[in-house]
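The values are calculated or read from the model by the stated rules, or taken from the named source; none is laboratory data. As the structure is a prediction and not an experimental result, all values here were calculated from the model. Because the Cβ atoms are built from the backbone with ideal geometry, glycine has one as well, and the counts that use them run over all protein chains shown. Surface accessibility is based on the protein's heavy atoms, side chains included, excluding ligands, DNA and RNA. Shrake-Rupley method; radii C 1.70, N 1.55, O 1.52, S 1.80 Å.
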Amino acid sequence: MNIQPSSESVGIYNRFQGFPGSEHIGKPVSIDALINICRDTNPERILEMGGGIGALSYTLLKHSNAFLDIYEDNEFCRRELKKNLAEFEGRFQIIDTYRMLPPGKYYGVVVIDGGNGLVGDGGYPLAAQLFLEYLDSVDAVYIEGYRGLQRDLVRRALQKKYVCAFRVHKQIYVQGKKWVGGLEVRCKRSHSAIARWLDFMFWETLVFTRKYYFKVRGWFS
């Protein structure tokens, strides 16, 4: 049975549906996931790759006290972000190129909802991997939607510093429309190369050798 989204996440989604450029905003499944991640990790700083018009950005700012660094290289989206996040002025900054490394070295949460280098998505394909390798520490990563290439790059980047647990937030159907979810990764820093390798091989063998990411429930993607 599918878990129904909360009224809070649906309210944020409906709010942004009425704004220009809302065709690709984050869905309530991801909004709920990020609300819970913020509640669990209480981040001081968040990195978002691909702000769009701000549905997920708004969620992160509303449900945390964190400062938010937003990568967005689309001029239209940057204008809309500034308008749609106006009530949080002073708590976020927009970075207009993926060719610049993140301004911080520690982030409680990293959200990847754009920047894969495909037409209309901005960025460049290796940004997620390079950014995560550059950071000194991260507690949680959330990849919105499927984004198969970025999932692979993120796993390999995290394996160099962390042992991880993966959880899929499955897509649901509401009134015949598909609301996609995403992949949540909780990270624990480890100085043991053996522990990191065993952890990586455990998830690689148990989970990521499967053809479809959304077949297994709970903390198995």
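A few comments on the model shown:
- Candidate lysines - alpha carbon under 19 Å from K161, same-chain residues fewer than 8 apart omitted: K105, K188
- Loop-located trypsin sites (Lys or Arg not before Pro) in region 136-206 (DSSP state other than H, G, I, E, B) with a sparse environment of at most 14 neighbouring Cβ atoms within 10 Å: K160.
- About the centre of its Cα atoms, the chain shows a dipole size close to 740 debye [charges on the beta carbon of Lys, Arg (+1) and Asp, Glu (-1) only; nearest 20 debye].
- Rel. contact order, % - alpha carbon contacts under 8 angstrom, at least six apart, the chain: 17 percent
- For the chain, leaving out every one of the GluC sites (Glu not before Pro) that falls in a DSSP loop and has at most 16 other Cβ atoms within 10 Å, the longest unbroken run is 90-221.
- The rule of thumb for compact globular proteins, 2.2 N^0.38 Å, goes into the C-alpha radius of gyration of region 46-113 0.98 times.
- Gain in span if fully extended, S7 to K62, counting 0.36 nm per residue against the direct Cα distance: 18.3 nm
- Taking 7 Å steps out from each Cα toward its Cβ at L101 and M201 produces label points 3.2 nm apart.
- Prolate/oblate/rounded call for the chain, Cα gyration tensor, a/c under 1.5 rounded: oblate
- In the full protein context, region 66-198 carries 48 Å² of accessible surface per residue, based on a 1.4 Å probe and ignoring ligands, DNA and RNA.
- With contributions of -39500 (n - 2.57) from each DSSP H run of at least four residues, the per-residue ellipticity at 222 nm computed over the chain stands at -10000 deg cm²/dmol.
- Using only side-chain charges placed at the Cβ, +1 for Lys and Arg and -1 for Asp and Glu, the dipole size of region 1-99 relative to its Cα centre rounds to 120 debye.
- Take the convex hull of the alpha carbons in region 21-135; its mean projected area over all directions comes to 6.5 nm².
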